[in-house]
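The values are calculated or read from the model by the stated rules, or taken from the named source; none is laboratory data. For clarity, every value in this text was computed on a predicted model and none was experimentally measured. Every residue, glycine among them, receives a Cβ derived from its backbone with ideal geometry; neighbour counts consider all protein chains shown. Each accessible area value is taken on the protein alone, full model and side chains, heavy atoms only, with ligands, DNA and RNA left out. Shrake-Rupley method; radii C 1.70, N 1.55, O 1.52, S 1.80 Å.
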Amino acid sequence: MSLPQSVKIVEVSPRDGLQNEQQVIAVENKVQLINDLRDAGVKHIEVTGFVSPKWVPQLADATQVATALSHDETVSYSALAPNMKGFEAAMDAGFKEVAVFTAASETFNQKNINCSIAESFERFAPILEQAKKQGIRVRGYVSCVLGCPFEGDIEAEQVAEVSEKLFTMGCYEVSLGDTIGVGTPLKAQRMFTQVAKRIPTNSLAVHFHDTYGQALANILACIQEGARIVDASVAGLGGCPYAPGASGNVSTEDVVYMLHGMGINTGIDLDKLIAAGVNISQVLNRPVKSQVANALHSK
């Protein structure tokens, strides 16, 4: 079995992890989470999203969060910017990287962003055009790559087509998201392999939710096929407000523990990462959803 020397971790908890929270989370608590992650050695953090507060009220403070960040040249901060208005707001806030998103499921796309897959690409086109002119990196997300709450199974070829379109439009990296966490290792592996026929593996990330407890196994299966970028959320925070049944993202602590145990470097201090998860979980007044954090804390 061929394994990489290192894997890039993209931490999504400040945006994807917190966006579905019902309680209002203070800006200072969000910034503290980001700072804790940075201090733990996380180099890629999606910190917020410039979206309509009507649909995602938890991200209404995007500009305040961005303004309060302590910028570090060694850390890449990114923000979700799904339309031109969001992109312009992200530019005003000083971001050098943004993310756009679509789905491999037509029904999910309609439920999530009120447009077809084709229409979502039309929305992204001016963003990618402006980003190229301004030297801004754009990351693309593809939701429902292994299953949809409305359509059921999704064909790998459909995922590959959508992913390739994002890549050819200018996304430097494409994240493949199992939004409802229904994937299993062989299905995940086959999907990743199909997409990798069209896009270089060093431009592909995997983003697994842990609804059925399969996320770590899915990640490993994809790493064996060349995946070198993994999205994760500290304390297992997250879930999609438009995907019925979707539970949290795979916890970053569990991913890092697995990778380190396999001799794969992430550059992350696990103890500090666990502390970051504990801190934000206390703010949210809920248990940490990380097997590793709970096991080490029980000793």
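Overview of results
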{"item": "Projected area averaged over orientations for the stretch 27-116, convex hull of C-alpha atoms, nm²", "result": "6.3"}
{"item": "Additional length obtainable on full extension of the chain from A118 to V24, 0.36 nm per residue less Cα span", "result": "30.4 nm"}
{"item": "Convex hull of the stretch 249-299 built on C-alpha atoms - directionally averaged projected area, nm²", "result": "3.6"}
{"item": "Measure of compaction for the stretch 147-195 (Cα Rg per 2.2 N^0.38 Å)", "result": "1.15"}
{"item": "Three principal axis lengths of the stretch 58-163 [C-alpha, angstrom, descending]", "result": "43, 30, 26"}
{"item": "Estimated [θ] at 222 nm from DSSP helical runs (n ≥ 4, -39500 (n - 2.57)) normalised by residues in the chain, nearest 500", "result": "-12500 deg cm²/dmol"}
{"item": "Accessible surface of the chain, 1.4 Å probe, proportion on carbon and sulfur as whole %", "result": "49"}
{"item": "Per-residue SASA entry for E151, accessible area with 1.4 Å probe, Å² rounded to 10", "result": "80"}
{"item": "Rounded accessible area per residue of the stretch 1-153, 1.4 Å, Å²", "result": "43"}
{"item": "Percent RCO, i.e. relative contact order, over the chain, from Cα pairs under 8 Å lying at least 6 residues apart", "result": "20"}
{"item": "Whole-angstrom gap from the stretch 185-230 to the stretch 18-72, using each part's C-alpha centre", "result": "27"}
{"item": "Antiparallel bridges, percent of DSSP beta bridges restricted to the chain (to nearest 5)", "result": "5"}
{"item": "25 Å Cα-Cα threshold exceeded, pairs from K187/K272; K30/K96; K54/K133; K96/K187; K111/K165; K8/K197", "result": "K187/K272; K54/K133; K96/K187"}
{"item": "Quarter of Cα convex hull surface for the stretch 98-232, i.e. mean projection, nm²", "result": "7.2"}
{"item": "Listed residues E122, E173 arranged by accessible area, highest first, probe 1.4 Å", "result": "E122, E173"}
{"item": "Y212/L186 FRET efficiency (R0 22 Å; Cβ-Cβ; nearest 0.05)", "result": "0.95"}
{"item": "Per-pair calculated FRET efficiency, R0 = 41 Å: E155 and K85 via Cβ, rounded to 0.05", "result": "0.80"}
{"item": "Positive-end extreme of charge dipole, the stretch 175-293 - chosen from T266, L284, Q224 (charges on Cβ)", "result": "Q224"}
{"item": "Cα-centre dipole for the stretch 135-253 with unit charges at Cβ (Lys and Arg positive, Asp and Glu negative), debye to 20", "result": "300"}
{"item": "Approximate shape of the stretch 1-68 as ellipsoid semi-axes (Cα gyration tensor, √5λ), whole Å, largest first", "result": "27, 14, 10"}
{"item": "Gain upon complete extension [E164, A295; 0.36 nm per residue less C-alpha separation]", "result": "43.1 nm"}
{"item": "Fraction of alpha-carbon pairs over 37 Å apart in the chain - percent", "result": "6"}
{"item": "About the Cα centre, charge dipole magnitude for the chain (Lys/Arg +1, Asp/Glu -1 at Cβ), debye", "result": "160"}
